[in-house]
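Have a look at the structure below before the remarks.
Quick note: the coordinates plus some simple rules give every number you see, no bench work behind them. What you are looking at is a predicted structure, and each value in this text was computed from that prediction instead of being measured. Please note: Cβ atoms are built from the backbone with ideal geometry, for glycine as well, and neighbour counts cover all protein chains shown.
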Amino acid sequence: MLKKAQINDILELQKICTDSYSQIFADHWTKNGLELYLELEFSTSRLNSELADNDFEYHFVKKDGENIGFIKVNYKSSDELSELDNCELEKIYILPRYIGMGYGKMVMNEIINRIRQKGKKILFLRVIDTNRNAIAFYEKIGFEFHGKTRLEVPHFREELRGMNRMYFKLDREKPIG
């Protein structure tokens, strides 16, 4: 289900990153904002840099050999949670036609197990506070509310900037959701 992306996968990674993100969030941006964000987040230079850095991992979400989404994990400690041995699920996007089919839960189980093997204690993420479906999904698999924050990127619609920070304790024995 998950395949870790390597430097030689960069074009394939750019495609699934831009396709899945833009299909889900195109309407969250003001004029030209989406294009600017996609270039910032998924440029060849940025992906090359992050794929070469052991603090970041990208994984393809695969179904029958096809890329249907991706995950980005940031293993650097967060400033706000720096006293904890934590990491961040920075991005998880699945193409809309595959949402609601159980892939998200399978992918989360797999990535949580991989992160546990690295000895991390807490996995956290940020989710737009109006994205009720995503929040319900994360709560169902065991994430808990930690606090509020705000998305500070140019050209993002003002009414969608509120974020919930959520966390998952990786030392749990039971499987998720």
Checked against the positive end of the charge dipole of segment 109-154 (+1 on Cβ of Lys and Arg, -1 on Cβ of Asp and Glu, about the Cα centre), the farthest of Asn113, Val127, Phe137 is Asn113
With +1 on the Cβ of every Lys and Arg and -1 on the Cβ of every Asp and Glu, the dipole magnitude of segment 33-177 about its Cα centre, in debye rounded to the nearest 20, is 580
Other residues with Cβ under 12 Å from the Cβ of Glu66 give, with Lys and Arg +1 and Asp and Glu -1, a net charge of +2
Residue span Glu158 to Phe145: 0.36 nm per residue of separation minus Cα-Cα distance leaves a gain in nm of 2.5 nm
Percent antiparallel among DSSP beta bridges confined to segment 2-169, rounded to 5, stands at 90
In nm, the gap between the two label points placed 7 Å beyond Cα toward Cβ at Arg116 and Gln6 is 2.8
Computed from the beta carbon distance with a Förster radius of 25 Å, FRET efficiency for Met106 and Tyr75 to the nearest 0.05 stands at 0.70
What helix-only [θ] at 222 nm does the chain give? Using -39500 (n - 2.57) per DSSP H run of at least 4, over all residues, to the nearest 500, the answer is -10000 deg cm²/dmol
Output for segment 53-138: GluC sites (Glu not before Pro) sitting in coil per DSSP, at most 14 other Cβ within 10 Å, listed by number, reads Glu80, Glu83
Dividing the mean separation of Cα pairs under 8 Å (6+ apart) by the residue count of segment 2-169 yields a relative contact order in percent of 21
Using the Cα gyration tensor of the chain, the equivalent ellipsoid's semi-axes, largest first and to the nearest Å, work out to 23, 20, 17
Largest fluctuation, Leu36, Leu95, Leu51 only, Gaussian network model of the chain with Cα springs under 10 angstrom, belongs to Leu36
Taking Tyr75, Tyr93, Tyr138 and counting other beta carbon atoms within 10 angstrom, the fewest-first order is Tyr75, Tyr93, Tyr138
Here the gain from full extension of Ser49 to Gln23, 0.36 nm per residue of separation minus their alpha-carbon distance, amounts to 6.9 nm
Of the listed pairs Lys76/Lys105; Lys4/Lys148; Lys3/Lys148; Lys15/Lys121; Lys31/Lys140; Lys62/Lys91, those with alpha carbons more than 27 Å apart are Lys4/Lys148; Lys3/Lys148; Lys15/Lys121; Lys31/Lys140
